[in-house]
Amino acid sequence: MSGGVTSAAISARPSVLRLVFRDIAAAAAASFLILMVLAAALAPWIAPVDPYETDLMSVMSPPGGDYLLGTDGQGRDMFSRLLFGLRVTLLMGVAALVVGGIIGVAIGLIAAHWRWLDGVLMRLMDVMLSFPAILFGLALAAIFGPGLVAVVIALSVATVPLMARIARSTALVVMAQDYIEAARATGMGSFRLIRRHLAPNCVAPLLVFATLRLGQVILLGSALSFLGLGAQAPTAELGAMAAQGRTFLFFAPHIAVIPSLAIFGIVLACNVLGDALRDALDPKLRP
Amino acid sequence: MRRLLTALCLVAAALPAAAQTPRNTAVLMREIDADRYDPVRSTARSAGEVIYMMSDTLVSMDWDMQTIRPGLAQSWEVSPDGKTYTFHLRTDVTFCDGRPMVADDVVYTIKRWIDPETRSPVAWRAGKVKDIRATDAHTVVYELEEPFSELLAQLTLFFASVVDRNTVERLGANFGVQGFNGTGPYCWESWTPRQDLVLTRHPTYAWGPPIFENRGPAQIERIIWRVVPEATARLAALQTGAADATQYIPNVALDQLRRVPSVTVTTQPNYLWDFYMAFKVDKPFVSDATARRAMAMAINKPALVRAVWFGHAQPAVNIINPVALDYDAASDALVPGFDPPGAMKLLDEAGWVLGSDGVRVKDGVRASFLTYGINTLENQRQSEIMQQALRRIGVEMRIQFFDATVAWGRMATQEFGAVFLSYPYFSAGDALSLYFPSTQRPSPNRMNWNDPQTDAWLAQARSATDPAVRATALANVQRQLAEANVWITTAREQLFVGASNRVTGARAHGLYGVGLYKALDLRVVR
């Protein structure tokens, strides 16, 4: 009898991953993202032609025909450029998220642990939060010249305060837990405490936020590239590709629409997946 | 595509914003605004297109871009030595404020233009002036140190527009920003930068160039010059009648636009606006004349121009356009044709060895250079196509384009190896003496071209009184530059002016790239 209770208890607490994939939309979003990452990673092997090779005889040819997704304004294969563009866009987003995330989480945990630093750090974060990322990107591009590095810095800086706030609020709840008190009572040092007990217990909400944020960072990065501050010619980048196609929107819509749809899909998938993760990780929402 | 255009048209028509323009007003669209409207302080076409309507020049240019016609001067004589020009002014000319224009105003205008304190970037266009004086109220004597064979043509450009001294002195640095007072068919009313510049009719105007059918005042009471940066928005506005005319039509849309019944497109066969990439001949790699020749051979100009301009521009050969005065056909034969294997062979023979990264190297110097330019659609597209063509022969071309506001400053530096530009001109002498005298370094002689022989030929052409001598000297320069491959001239653009069926008489002129010139025949018909 007791065995039956145990198995019922286990089946009542399925793994987070299984919970996420129970949601069809989330499963589709995750599969889409995996597909995109694979396409980006394998771009040099999948791309039918060199993404920079120009075919001046078939400029702006529509999808179908010789080129699967048509060609752009310079006669370059859209499919190959899309694959290489995904690479740059995803890398840009992930790099900004990792850099911004690490710095932000560190600041948040420090603020939560050493309370006397809280005021200063959080006011600093408020200042950073009040600064629009696009404006900051423009300023960086003006100083260092346009390029992917400037975009990654701008996006990282925009991510830091958000990550710091989430990390801090989560850490404050964790800091009030008995096991932290117990760890302290054993004489555990601050850094060890943060590493062993505080940080691991803050992961869930940060993971949810990071997933949601990835979509926003990609959108923002594409916007900066669209404005000409990011990837420079002839680098394929989804935002820059959309910008190039904009002029021909009414004549060869595929040039702007295809990269725009790719951005749309990635951002949507990140959002759906982030929501599903939150539901799965929140004990109150569990079945 | 056509359905899309129609759809666009319907959408725009349904918008209440496409409200009716009043019967007495025409809206002209352009892509960018100018920083100011002072004739001697701006070289922008966007300044010229408004200044031509607000003021007049001593002489005017016919539709053929070669014949000089009367303007404020009804006649003129040139002394046998070519050094003294006597202009006889019309007696009925008034400024917009009603004050009669006299010879002193012309003298003041030209002196202000060439005064070193004005620091006009185009003062050289006035020639080497010895003295300018008014011998009576309606006669101006224009005396030169040495003959200047192109003086009259230069005086048709808007830089020489006659302005009112009182207004210039009253407004100081704000002349052309807060107000303007000229003798043109239209008068300054208001300017909201990067939005609208409003002009009103000059009611007593009767001294327009004889190339227009209308010999009286302008036929429209108000002209609104509206800045519409987006090409698709301009197209929609033109088709719905929300705006009346523009010369800023994207090449991709021209064929469709011509089939739209509510739009008329006129063109100007004698238009001179060329696109080129110029090498800075003393920078690493591009200083090698053989390498420059190889690069010229790597680019398939006809295919490039067809792809970028959609068949609405002509592929160029050497620097000067065949329709320009003193064009030398023989120099075109000296420019190498499209031959990538030949280019590879040439580079191999010159010792440029292909490296593992696909870029050639010689004596530790990489076959690589940086190009600057203004960030325009044509520049983006042609440069990326050329970049790929050069990559195929083992040459790396790095591209850095800037917004128009900062580009001019960057292009006056020594930071780059080549530059993408386009420009208007009216003759071989005009183009060559703008760009190639050693005294014009570092800008507009961004090539750092410094050759005493070129300088001598250009000086000879400038001061020649015999057209044959001038043509020979300029032909020599054209051949020399063709052999040196200093420029890769890519395209010769054409001028197209699109007008809605609300107006008639929008004929494409094209002097200094300006589409409508004085627009005296422009009339609202519905």
*Please figure out what share of the DSSP beta bridges in the protein assembly as shown is antiparallel and state it in percent, rounded to the nearest 5.*
75 percent
_Please compute the Kirkwood hydrodynamic radius of region B:460-526 from all pairs of different C-alpha atoms, in Å with one decimal._
15.7 Å
*Count the net charge of all other residues whose Cβ sits under 15 Å from the Cβ of B:Tyr327, scoring Lys and Arg as +1 and Asp and Glu as -1.*
-4
*Enumerate the calculated ³J(HN,Hα) couplings along region B:125-137 in order (Karplus 6.51 cos²θ - 1.76 cosθ + 1.60, θ = phi - 60°), each rounded to whole Hz, writing x wherever the residue is Gly or Pro.*
5, 7, x, 7, 6, 8, 7, 10, 9, 9, 8, 8, 4
*Enumerate the amide H contacts of B:Leu370 below 5 Å, restricted to partners 5 or more residues apart or on another chain; note that Pro and chain-start residues carry no placed amide H.*
B:Arg398, B:Gly417, B:Ala418
*Contour minus end-to-end for A:Leu227 and A:Leu35, with contour as 0.36 nm per residue of separation and end-to-end as the Cα-Cα distance?*
66.4 nm
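Need one word for the protein assembly as shown: rounded, prolate or oblate. Basis is the Cα gyration tensor (sqrt eigenvalues a ≥ b ≥ c); a/c below 1.5 gives rounded, then a/b vs b/c decides.
Because a/c hits 1.5 or more and a/b exceeds b/c, the protein assembly as shown counts as prolate.
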*Hey, for a label at B:Arg526 modelled as a point 7 Å past Cα toward Cβ, could you say which residues of region B:257-287 have their backbone N under 11 Å away?*
B:261-263
*Can you tell me the accessible area per residue over the protein assembly as shown, all protein chains present, probe 1.4 angstrom, in square angstrom?*
41 Å²
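Answer rounded, prolate or oblate for region A:189-287, using the Cα gyration tensor with square roots of eigenvalues a ≥ b ≥ c: rounded when a/c is under 1.5, else prolate when a/b is larger than b/c, else oblate. Don't skip to the answer; put the middle values down first.
Numbers: a/c = 5.79, a/b = 2.13, b/c = 2.72.
Oblate, because a/c is 1.5 or more while a/b does not exceed b/c.
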*Calculated from backbone phi, Karplus (6.51, -1.76, 1.60) coupling profile of region B:310-324 in Hz, x at Gly/Pro*: 6, x, 9, 9, 9, x, 9, 10, 8, 5, 8, 6, x, 7, 7
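Given charges of +1 on the Cβ of Lys and Arg and -1 on the Cβ of Asp and Glu, with all other atoms neutral, how large is the dipole of region B:437-526 about its Cα centre, in debye to the nearest 20? Could you put the intermediate results ahead of the total?
Details: 11 positive and 6 negative charges, 121 e Å.
It comes to approximately 580 debye.
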*Helix-derived mean residue ellipticity, 222 nm - over chain A, DSSP H n ≥ 4, -39500 (n - 2.57), to 500*: -24000 deg cm²/dmol
_Angle between chain A longest axis and helix A:24-41 axis [Cα atoms, degrees, rounded to 10]_ = 60 degrees
*For region B:372-388, list residues with backbone N below 12 Å from a point placed 7 Å from the Cα of B:Thr413 toward its Cβ?*
B:372-373
_Positive-pole candidate from B:Gln440, B:Met386, B:Met411, dipole of region B:357-440, charges at beta carbon_ = B:Met386
*Using a basic spin-label model with each label point 7 Å from the Cα along Cα→Cβ, how many nm lie between A:Ile24 and B:Gln20?*
5.5 nm
*Any chance you could look up the accessible area of B:Arg502 with a 1.4 Å probe, heavy atoms only, rounded to 10 Å²?*
20 Å²
*In debye to the nearest 20, how big a dipole does chain A give about its Cα centre with +1 on each Lys and Arg Cβ and -1 on each Asp and Glu Cβ?*
1140 debye
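Pull out the extension gain between A:Val16 and A:Leu129, defined as 0.36 nm times the separation in residues minus the alpha carbon to alpha carbon distance; nm, one decimal.
Working: separation 113, 0.36 × 113 = 40.68 nm, distance 3.16 nm.
In short, 37.5 nm is gained.
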*For the protein assembly as shown, with all protein chains present and a 1.4 Å probe, just round the carbon and sulfur fraction of the accessible area to a whole percent.*
60 percent
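Kindly compute the accessible surface that chains A and B hide from a 1.4 Å probe when together, both sides summed, and give it to the nearest 100 Å².
Values: alone 14950 and 20820 Å², together 33570 Å².
Result for this pair: about 2200 Å² buried.
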*Which cross-chain or sequence-distant (5 or more) residues have an amide H under 5 Å from the amide H of B:Gly182, H modelled 1.01 Å from N in plane?*
B:Cys96, B:Trp188
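Once fully extended, how much extra length lies between B:Thr118 and B:Arg69, figured as 0.36 nm per residue of separation less the alpha-carbon to alpha-carbon distance?
Numbers: separation 49, 0.36 × 49 = 17.64 nm, distance 2.83 nm.
Computed gain between B:Thr118 and B:Arg69 is 14.8 nm.
Hey, what number do you get for chain B at 222 nm if only DSSP H runs of n ≥ 4 count, each worth -39500 (n - 2.57), divided across all residues, to the nearest 500?
Numbers: 16 runs with 156 residues, N = 526.
Helix contribution divided over all residues of chain B: -8500 deg cm²/dmol.
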*Can you bin region A:1-151 into rounded, prolate or oblate? Criterion: square roots of the alpha carbon gyration tensor eigenvalues sorted a ≥ b ≥ c, rounded for a/c under 1.5, prolate for a/b above b/c, oblate for the rest.*
oblate
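Of the peptides B:384-392, B:82-90, how do they stack up when ordered by the mean number of other Cβ atoms within 10 Å, highest first?
Result, highest mean Cβ count within 10 Å first: B:384-392, B:82-90.
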*With the dipole of chain B worked out from charges on the C-beta (+1 for Lys and Arg, -1 for Asp and Glu) around the Cα centre, which of B:Val260, B:Leu370, B:Ala473 lies farthest toward the positive end?*
B:Val260
*What ranking of B:Lys345, B:Lys301 comes out by heavy-atom accessible area, probe 1.4 Å, highest first?*
B:Lys345, B:Lys301
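Charges only on Cβ, +1 for Lys and Arg, -1 for Asp and Glu: so what's the dipole of region B:249-305 about the Cα centre, in debye to the nearest 20?
In total the dipole reaches around 60 debye.
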*Would you check the accessible area of B:Trp188, probe 1.4 Å, heavy atoms only, in square angstrom rounded to 10?*
40 Å²
*Amide H neighbours of B:Trp63 under 5 Å, counting only residues 5+ apart in sequence or on other chains, H built in-plane at 1.01 Å?*
none
*With point charges of +1 on the Cβ of Lys and Arg and -1 on the Cβ of Asp and Glu, referenced to the Cα centre of region A:128-287, which listed residue (A:Ala280, A:Ala171, A:Gly137) lies farthest in the positive direction of the dipole?*
A:Ala171
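The values are calculated or read from the model by the stated rules, or taken from the named source; none is laboratory data. Just so it is clear, the structure is predicted and the values come from calculations on it, not from any experiment. We place every Cβ from the backbone using ideal geometry, glycine too, and count neighbours over all the protein chains shown. Ligands, DNA and RNA are stripped out before the accessible areas are found, and what is left, the full protein with its side chains, is counted by its heavy atoms. Shrake-Rupley method; radii C 1.70, N 1.55, O 1.52, S 1.80 Å.
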